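Quick notes on the structure that follows.
The values are calculated or read from the model by the stated rules, or taken from the named source; none is laboratory data. This one's a predicted model, so the numbers in the text were calculated from it and none came from an experiment. So basically every Cβ, Gly included, is an ideal-geometry build from the backbone, and we count neighbours across all protein chains shown. SASA here: full protein model, heavy atoms, side chains in, ligands and nucleic acids out. Shrake-Rupley method; radii C 1.70, N 1.55, O 1.52, S 1.80 Å.
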Amino acid sequence: MTELRKRGGGGGDPDSTDNISDKEADVDDRLGTDGECDGDSKADTPDVPLSTADTDNTPQYLNKALEGLPPRWKNYWIRGVLSLAMISGFFLIIYMGPVALILIVMTVQIKCFQEIITIGYRVYHSYELPWFRTLSWYFLICVNYFFYGETLADYFGALVQREEPLQFLSRYHRFISFALYLAGFCMFVLSLVKKHYRLQFYMFAWTHVTLLIVVTQSHLVIQNLFEGKIWFIVPISIVICNDIMAYLFGFFFGRTPLIKLSPKKTWEGFIGGYFATVIFGFILAYLLSQFQYFVCPVGFNSETNSFTVECEPSDIFVMQEYRLPAGLQNILSWKTVNLYPFQIHSVFLSSFGSLIGPFGGFFASGFKRAFKIKDFANTIPGHGGIMDRFDCQYLMATFTHVYIASFIRGPNPSKVLQQLLMLQPEQQLGIFHTLHSHLRERGMLPPAPAAQAE
């Protein structure tokens, strides 16, 4: 394709927008648009400067303590120590409550966005074109404004009703969000530079795909949290468990390569991680289902201006008796077993997290191979960047959200009540009379007393 451009480029006006400069043709080669399908060829990969992800930032005290060990075992201990530290921090944040969880999700989202955008910026920056990074962060702000505004209207209706500025923002939220996006869109069009149009549109698409992958899916994590902390903790823990157990099984027993995109992954690790994760998820579901703090949807108390987790647990968090199939009865000598229904749901969550979730990691591996980088960043020694740890989490969060919407969620009385409170008094009164008549017709309320004869 590059040769065709060279042959056909001699007869036109060099300043015409129909012609592509040699510099932009070089960008096509570096961004992999030649049409060649060999993922390892030099033409497919951008010749970007060395990333900080390729440097070792392991703390000196840890390097000193592990010096003398073979590289394989040194990496094993570094990953292990840092994994324990991150898991401990995760439990601490859970203890701190919903606000801390929302803030940490936002922080992770911003860091993941920064890591991906930085990779694109290293390609873009070499051409000294304006506004790419500025517009990327502007679009991040716009998308977050839209999503968090939707969450505020859905879950904090009573608070919105009390504050007049919030009422205005809530009523025109989508229009304001669209206007903010249009402003960024117009700024992008104004930033277009002659002879670099194609590269700029690459970067525009880069930003939007990053927003789709990172921001949209991280918003689903928060949506899951509001359904109950158990829907936040269990999926995340499943991915963490699968990552650890697949690594351990692969480290000690791995012999058979699983996929070329990630040469260190093995079938032994993949299969061992699956069974270990299903067992872990089943036990964790049993433990958490016993506590109201984990199973109740996160609500907002307008009187105390604080989050609440008090409710009557739904049926999936109430112990039920199940009759075993005849074959299992003969093997186990049990006819029935007592389980929380959520434990059965955890098997499906664990299966997805173990069998499909890793494809999020394979996708990330392919992305990194395309740009010849080892990790997205070097934020966490032995692990890489934040995005390296959350590539599977985002896919898992999306599945959990879809699973809840398809098989779990029913009408939410608190949301209905919040929407009623946003209506005018006359509308509220009309709904009250309609509901009152409907309940009388169904026999759930006593009939109206007969009018006294004059």
Which listed pairs, of 74/260; 74/265; 111/374; 265/374; 194/372; 265/368, have C-alpha distances above 20 Å, in listed order: 74/260; 194/372
Per residue solvent-accessible surface (Å²) - segment 81-140, probe of 1.4 Å: 48
Theoretical FRET efficiency, 1/(1+(r/R0)^6), r = Cβ-Cβ of residue 417 and residue 256, R0 51 Å, to 0.05: 0.35
Extension gain from residue 148 to residue 429, taking 0.36 nm per residue of separation minus the Cα-Cα distance: 98.1 nm
Computed accessible area, residue 311, all protein chains, 1.4 angstrom probe, square angstrom: 40
For residue 208, solvent-accessible area (1.4 Å; no DNA, RNA or ligand), Å²: 50
HN-Hα J in Hz across segment 345-356 - Karplus 6.51, -1.76, 1.60, θ = phi - 60°, x for Gly and Pro: 4, 5, 5, 5, 5, 5, 5, 5, x, 8, 9, 9
Apportionment of accessible area to carbon and sulfur, segment 176-299, percent (1.4 Å): 77
Solvent-accessible area per residue for segment 238-293 (1.4 angstrom probe, square angstrom): 59
Which of 150, 441 is most accessible, then next, and so on - probe 1.4 Å: 441, 150
Per-residue SASA entry for residue 391, accessible area with 1.4 Å probe, Å² rounded to 10: 30
Separation in nanometres of the label points that stand 7 Å from Cα toward Cβ, at residue 69 and residue 84: 1.1
